[in-house]
């Protein structure tokens, strides 16, 4: 769990790189739609290189593998909601209005 709480003041790299690494590690793979959304040729190579390094790391545990044993409040409904909000493909990611509509629907409003 310590990796979830990086001390950005002591990092020797930009915090954005660490955040991107953690997001891709947990919620990857890197979709082409995200690379296209960034729409920056200079960013494409580092993004793809970062994903390559992550995909070769056999110790990486994706969010799908996280369990309620490690995270007691992470039930299937919470996991599904998090997966919808963190989808790396911008076209498939749930918007806040989608999330709220779904919550209101479940509550019967």
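Semi-axes, largest first, in whole Å: what does sqrt of 5 times each Cα gyration tensor eigenvalue give for the stretch 24-69? List each step's numbers first, then the result.
On the way: eigenvalues 118, 30, 7 Å².
Semi-axes, largest first: 24, 12, 6 Å.
Treating each Cα of the chain as an identical point scatterer and ignoring solvent, apply the Debye formula and state log10 I(q)/I(0) at q = 0.17, 0.24 Å⁻¹.
Per q value, in the given order, log10 I(q)/I(0) is -0.99, -1.39.
Specify the angular offset, from 0 to 90 degrees and rounded to the nearest 10, of the alpha carbon long axis of helix 76-85 from the longest principal axis of the alpha carbons in the chain.
Helix 76-85 sits roughly 50 degrees off the main axis of the chain.
Taken together, the values in this text are just the output of simple stated rules run on the coordinates, not laboratory data. Given the structure is predicted, the values throughout are model-derived calculations rather than measurements.
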